[in-house]
Amino acid sequence: MLLNSTMEEISDSKYILVHYYLESTVSVSDAAWNIAVGQSIGNPKVRNDNENNDLIEKHGCKIVPHDFDTNAVTIAFPIENFKYDSITQLLVAIMGGQLDIASITKCQIKNISFPHSYKALFPKSCYGIEGLRRLVGRYNKPLLGGIIKPKIGMDIATLRGVVEDMLEGGCDIIKEDEILGSYKLDERIQMVEKLCEQKPDFVYLFCNNNIDDYIVDVLPPESGIHINFWAGFNTYQHISKVNVNHVLFFQRSGIQILTNSNHDYHIDFYVICKIAALLGVDIMHVGMIGGYSPDKPFNVLENVAVLQANDILPSLSCGMHPGLVEGIVRQVGTDFLANVGGAIHGHPGGTLAGAKAMRQAIDGTGGKEFDEAINLWGTK
């Protein structure tokens, strides 16, 4: 019914192609059938009279011809099933009920391909890479991001002092850390509004994982919203639809629950980056090269390239410091956000000196603060 498909039948604009690695106690072709049928029209093993040919042709998945001995399976999901543009609905289909089938012992999504007709359903990002550069007035070099530490608990006067030091040191974008919700949100907003009157050419990213439309209404123009993926993929999609002048940041902390390659069931982070490109985000955290995250450099480079190609600024953090900047620029170019927390606030000279050290690294000028950072953290 669905297995006997040719590439010609599925090579048009009507299908999303999902590339799986499967292991099963039954044959891989049978496992593929279970996914193709079970994640589109019905029960993998039981047919019913309502499954007529027209319904199957319009809504049923197709299995791309493959050498099943390699455990690689490509399944074509009809766009007709997802034309109301919910990315969560798509995720439920491509990585859903098959995990409840005992015979499928490993199911991993390695790649995904979206036709232009599907991409057209989604909102565009508010700024993109060049728009972000215009906001902060910085060109032909990485943007410098500062991450606020401590993550939570500072009174507003102390927080303002930390932010002022980061701005004086040369940060372009300042990001609250990922654990925040509505904690002192109104006070944080008032603080940033006053700072914007003094220094308009920076972006402040408010973290609020208790997200709703209210935050779009109350945030200062040309500030930003930092949302962790735990808030839901549809949250990014919704905010980008109603958003007209705020930067949208995709924070991935915790994403290895979905993407860890050691898990029998996972979605490669490369695929998550492709999905994020549909959500209207401006910046996305992709991991780190040379830091403390477990990311393999090859994978980070691959993910950075996907985001840059889709006009999303990759954010590199988790151990970023001045001694890494030159080497990273050689590998990925200048279109990335060097996002720094510990190496700014943990600099021997304090927050202001730490921001200056990063600014000197990015600008290639060197300086006393840069030298002190290199003495502490070295270079790679």
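The values are calculated or read from the model by the stated rules, or taken from the named source; none is laboratory data. Quick caveat, the model's predicted, so the values are computed rather than measured. Cβ sites come from the backbone with ideal geometry, for glycine too, and all protein chains shown count toward neighbours.
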Return yes when Lys184 is of a type in the set (Lys, Arg) and within 21 Å of the chain's Cα centre (by Cα) and no when it is not. no
Against the condition closer than 30 Å to His345 by Cβ, assigned to a helix (DSSP H, G or I) and in contact with a Leu (Cβ under 7 Å, 6 or more places away or on another chain), how does Leu159 come out, does it pass? no
Restricting attention to region 313-353, the residues that are assigned to a loop (DSSP other than H, G, I, E, B) and in contact (Cβ under 8 Å) with a residue 60 or more places away in the chain number exactly 6
Of the residues Ile152, Ile225, only one is assigned to a loop (DSSP other than H, G, I, E, B), of a type in the set (A, V, I, L, M) and surrounded by 13 or more Cβ atoms within 10 Å (Cβ to Cβ); which? Ile152
Of the conditions (1) more than 22 Å from Leu91 (Cα to Cα); (2) surrounded by fewer than 13 Cβ atoms within 10 Å (Cβ to Cβ), Glu51 satisfies every one except a single condition; which number is it? (2)
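Could you tell me whether Pro220 is in contact with a Cys (Cβ under 8 Å, 6 or more places away or on another chain), in a loop (DSSP other than H, G, I, E, B) and in the same structural domain as Ile255 (by TED's automatic domain parsing)? Let's see the steps before the verdict.
Numbers: in contact with a Cys (Cβ under 8 Å, 6 or more places away or on another chain): yes; in a loop (DSSP other than H, G, I, E, B): yes; in the same structural domain as Ile255 (by TED's automatic domain parsing): yes.
So Pro220 fits the description; yes.
Out of region 76-109, which residues are part of a strand (DSSP E or B) and crowded, with 17+ Cβ neighbours inside 10 Å?
The initial filter retains those residues of region 76-109 that are part of a strand (DSSP E or B), namely 76-78, 104-109.
Passing the criteria: Ala76, Phe77, Pro78, Ile104, Cys107, Gln108, Ile109.
With respect to Gln360, determine if the residue is assigned by TED's automatic domain parsing to the domain that holds His226 and within 24 Å of Arg252 (Cα to Cα).
Working: assigned by TED's automatic domain parsing to the domain that holds His226: yes; within 24 Å of Arg252 (Cα to Cα): no.
In short, no.
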Among the residues of region 117-139, is there at least one that is within 23 Å of the chain's Cα centre (by Cα), within 26 Å of Gln190 (Cβ to Cβ) and either among the aromatic types (Phe, Trp, Tyr) or assigned to a loop (DSSP other than H, G, I, E, B) (or both)? yes
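Restricting to region 59-75, count the residues that are surrounded by 14 or more Cβ atoms within 10 Å (Cβ to Cβ) and not in a loop (DSSP other than H, G, I, E, B).
Start the filter on region 59-75 by keeping residues that are surrounded by 14 or more Cβ atoms within 10 Å (Cβ to Cβ), which leaves 59-64, 66, 68, 71-75.
Subsequent filtering for residues that are not in a loop (DSSP other than H, G, I, E, B) retains 59, 62-63, 68, 72-75.
Final tally of qualifying residues: 8.
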For residues that are under 20 Å from Glu80 (Cα atoms) and free of Cβ contacts under 8 Å to residues at least 24 places away in the same chain, scanning just region 29-48, find the one that is surrounded by the most Cβ atoms within 10 Å (Cβ to Cβ). Ile41
When you scan region 288-311, do you find a residue that is in contact with a Leu (Cβ under 9 Å, 6 or more places away or on another chain), at pLDDT below 95, buried (at least 22 other Cβ atoms within 10 Å of the Cβ) and not charged (D, E, K, R), even just one? no
Restricting region 241-284 to residues that are in a loop (DSSP other than H, G, I, E, B) and aliphatic (A, V, I, L, M), which is surrounded by the most Cβ atoms within 10 Å (Cβ to Cβ)? Val281
